[in-house]
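Following: one structure in structure tokens, then a few remarks.
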Amino acid sequence: VVDDAGGNVALRGPMPARLLALLVAAGRSPVSVDDLVIELWTTSERPADPVAAIRTYVARLRSSLGAGAVVTGTGTYALGPVDTDAARFEDLVERARRSSGSPLVADIWRQALDLWRGHAFGDYVDSDLIRPEANRLDELRAEATEAWFDARLAAGEGRELAADVDRAVAEFPLREGFRVQQMTVLSRAGRPAEALRAFQEFRGDLTEIGLEPS
């Protein structure tokens with residue numbers, strides 16, 4: 001989703017959106033036109049003049065987002081100085097890490113996680129250029145979620161966390177930190193038998209892949 005002053009911006013077709021995703025995934029690093037051609041089309045779908053087509057998509061992005069949204073180099077394009085949720089998220093993660101132990105840290109983690117809507121880059125993770133960045137951001141989201149739960153547990157929460165932790169366990173069933181938090185929440189809620197059952201289920205899941213819980 002692209003927005004400007006609170007309103008959604010139409011990117012006029014799926015190809016400019018995919019091009020924008022490629023540039024966002026690269027951060028401020030330039031992406032060669034050759035790589036963009038490979039990522040935007042399969043060989044059979046490639047237009048007669050793919051370079052001209054990319055110029056058209058860049059023009060559309062600049063028309064929608066501003067002239068400086070895409071920077072042209074020698075045979076390259078790069079994302080200009082535009083705000084992205086990914087950058088905001090990482091800034092908030094660093095701020096939360098610096099605020100460890102502060103009574104405000106749980107709220108900073110929440111602000112960071114509120115920027116998320118599904119997995120990083122959504123349908124564009126089929127791209128070889130996008131996938132590593134998407135995986136990195138998804139892993140950072142999992143770490144941020146775990147840190148948010150830890151901050152809330154440190155503040156004395158218990159049963160209030162149950163639904164959030166259960167969702168995290170369902171999404172990351174082999175992530176030990178979420179399982180520990182789930183057992184802690186169940187124990188604080190006066191449900192020790194369920195906490196033990198959660199541990200046994202986790203141990204069973206790990207045994208299937210030849211591991212043991214710590």
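Among the residues making up region 119-140, those that are open to solvent by less than 50 Å² (accessible area, probe 1.4 Å) and without any contact (Cβ under 8 Å) to a residue 40 or more places away in the chain are ALA120, GLY122, ASP138.
For region 96-114, filtering for residues that are surrounded by 15 or more Cβ atoms within 10 Å (Cβ to Cβ) and either part of a loop (DSSP other than H, G, I, E, B) or among the aliphatic types (A, V, I, L, M) (or both) leaves 7.
What are the residues in region 28-64 that are among the acidic types (Asp, Glu) and open to solvent by 90 Å² or more (accessible area, probe 1.4 Å), if any? Within region 28-64, ASP34, GLU45 meet the criteria. Kindly evaluate VAL93 against the criterion of being open to solvent by less than 60 Å² (accessible area, probe 1.4 Å), of a type in the set (A, V, I, L, M, F, W, C), within 24 Å of ARG117 (Cβ to Cβ) and assigned to a loop (DSSP other than H, G, I, E, B). No: the conditions fail for VAL93.
Across region 73-87, what is the number of residues that are loosely packed, with under 14 Cβ neighbours inside 10 Å and in contact with a helix residue (DSSP H, G or I) (Cβ under 8 Å, 6 or more places away or on another chain)? Here the count works out to 2. Within region 156-197, how many residues are surrounded by 15 or more Cβ atoms within 10 Å (Cβ to Cβ) and not in a helix (DSSP H, G or I)? Adding up the residues that qualify gives 6.
The values are calculated or read from the model by the stated rules, or taken from the named source; none is laboratory data. Owing to the predicted nature of the structure, the values given are computational and were not obtained by experimental measurement. Cβ sites come from the backbone with ideal geometry, for glycine too, and all protein chains shown count toward neighbours. These accessible areas exclude ligands, DNA and RNA; they are computed on the full protein's heavy atoms, side chains included. Shrake-Rupley method; radii C 1.70, N 1.55, O 1.52, S 1.80 Å.
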